[in-house]
1. Counting only C-alpha contacts under 8 Å and six or more residues apart, can you give the relative contact order of the stretch B:62-171 as a whole percent?
2. If I build a Gaussian network model for chain B, linking alpha-carbon pairs within less than 10 angstrom, which residue out of B:LEU149, B:LEU100, B:LEU11 has the largest mean-square fluctuation?
3. Once the Cα atoms of helix B:3-13 and of chain B are each reduced to a long axis, what angle between those two axes, in degrees from 0 to 90 to the nearest 10, is obtained?
4. What does the average come to when, for each residue of peptide A:173-186, you count the partner chain Cβ atoms lying within 10 Å of its Cβ?
5. Size of the stretch A:1-117 along its principal axes in angstrom, Cα-based, largest extent first?
6. How much net charge surrounds A:ASP229 when only the other residues with a Cβ under 13 Å from the Cβ of A:ASP229 are counted, with Lys and Arg +1 and Asp and Glu -1?
7. Between A:ILE45 and residues 5 or more places away or on another chain, which pairs have amide H atoms under 5 Å apart, with H built 1.01 Å from N, and which residues are they?
8. Could you give the angle, 0 to 90 degrees to the nearest 10, between helix B:18-28's Cα long axis and the longest principal axis of the Cα atoms of chain B?
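The values are calculated or read from the model by the stated rules, or taken from the named source; none is laboratory data. The structure presented is a predicted model; accordingly, all values stated were derived computationally and were not measured. Cβ atoms come from the backbone with ideal geometry, glycine included; neighbour counts cover every protein chain shown. For accessibility, only protein heavy atoms count, side chains too; no ligands or nucleic acids. Shrake-Rupley method; radii C 1.70, N 1.55, O 1.52, S 1.80 Å.
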Amino acid sequence: MSATSVDTPILALEGVGRVHPTHSGPVRALGPVDLAVRRGELVAIMGPSGSGKSTLLALAGALDRPTEGRVLLDGHDLATLASAELARLRRRFVGYVFQDLNLLPGLTALENVALPLELDGVRLVAARDEARAALERVRLAHLADRFPDDLSGGEQQRVAIARAFVGPRALLLADEPTGALDSVTGEMVMRLLRAQCDAGRTALLVTHDATHAAWADRVLALRDGRFVDHAATPRGVGDPRASAGARSNPEARR
Amino acid sequence: MSVRHSLLALLDREPSHGYALKAGFEAGTAHAWPLNVGQVYTTLARLERDGLAEPAGSDDGPRQTWRITDAGRVELARWFHGPLVEDPPARDELAIKVLLAIAAEDVTAILDVQRAAAMERLQDLTRQKARADPEREFVWLLLLDALVLKVEAEIRWLDLCAARLAARGGS
């Protein structure tokens with residue numbers, strides 16, 4: 001995508017805020033907030049309704065513009081891009097997964113996944129090859145020719161994840177992707193997202209389900225448009241990864 | 001945790017001696033709750049006193065082998081098939097702390113700290129789930145699910161407290 005350094009956050013929000021003008025005066029939906037998401041990270045954002053979660057996701061994906069601060073995708077300041085460039089960056093770089101309405105019903109799973117590449121001018125055969133590879137990564141290659149209506153809810157979300165990460169697309173933005181799924185299926189989708197991030201892709205996830213947020217490397221809480229400050233939090237046992245193998249007496253660890 | 005009923009369940013499978021019961025309990029519950037072998041012998045003595053288990057001779061060298069009695073099977077069936085009801089509820093330090101903190105100036109900060117710690121615990125448990133082998137470690141995975149949902153309940157309760165406090169403060 002670009003020649004930016006590996007240390008460049010794939011997504012950075014610097015002092016980003018969004019204020020909506022209304023007839024009863026300006027209403028602040030978000031911020032200002034700072035956030036840097038590194039390559040390979042899975043970051044979850046939690047917060048009650050109206051805390052600014054979806055606004056943050058829309059700003060991160062350039063679906064909305066901030067009223068203050070800068071949003072950088074792979075080091076590019078979105079405000080400096082012309083709208084055609086912005087659309088191209090978004091299409092090449094960012095994938096979206098929502099609770100539902102993810103897939104076009106008239107296209108097969110493979111065609112759905114290939115679509116962003118085709119829109120971007122990739123030749124049909126190459127686009128389908130890439131799409132098949134993306135479906136393989138979510139272990140759905142065998143269902144490539146099914147239409148969305150013939151897939152379960154969990155399978156549809158896996159297709160949506162494959163499409164979000166097809167070809168060079170490196171950043172997935174997800175708004176309640178497990179919201180419509182039962183516990184076991186939702187967990188399967190989170191395991192898959194985790195595996196994709198462990199393989200180098202990056203995801204920013206909005207959810208109100210703590211058990212799903214817990215698959216993330218970092219869980220951030222939003223309240224009234226700001227991140228809740230965890231600075232006061234006593235860090236328990238150092239790096240949780242170090243103690244993760246321990247299984248001695250869970251009762252005593254309460 | 002009912003050591004008493006756990007031992008009856010193991011003895012119902014086959015007569016065993018004390019150390020095998022300790023090992024069987026720990027293996028059957030994913031090694032989550034280490035059991036002191038002394039506690040096993042004390043419990044066996046009480047089961048014998050109550051007529052629920054009895055010595056079955058020493059088939060295994062010097063170790064005493066135990067077996068379940070008919071009365072023991074009845075008691076075991078009652079435990080397995082009846083619901084477990086906590087009445088009164090077990091004392092819950094978190095609930096007590098939060099309820100007593102409602103009068104404090106900054107209960108929100110107290111909730112935030114607790115929530116962040118619970119979230120870290122949930123992430124830790126989830127990493128252990130990610131690592132567990134769903135075939136070989138099935139029992140362990142079920143136990144992790146139980147622990148995950150307990151922490152989730154705690155987080156949801158803390159969120160509910162925060163929401164109710166905000167609604168009360170705003171009205």
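1. Details: 29 pairs, mean separation 25.0, N = 110.
Here the relative contact order equals 23 percent.
2. It is B:LEU100.
3. Between helix and principal axis, roughly 50 degrees.
4. On the way: counts 0, 0, 0, 0, 0, 0, 0, 0, 0, 0, 2, 1, 0, 0.
Counting Cβ atoms of other protein chains within 10 Å of each residue's Cβ and averaging gives 0.
5. Principal axes ranked by extent give 46, 37, 29 Å for the Cα atoms.
6. Numbers: positive: A:ARG223, A:ARG226, B:ARG115; negative: A:ASP34, A:ASP224, B:ASP106, B:ASP112.
Once all neighbours under 13 Å are counted, the net charge is -1.
7. A:LEU205, A:VAL206, A:THR207, A:LEU220
8. 40
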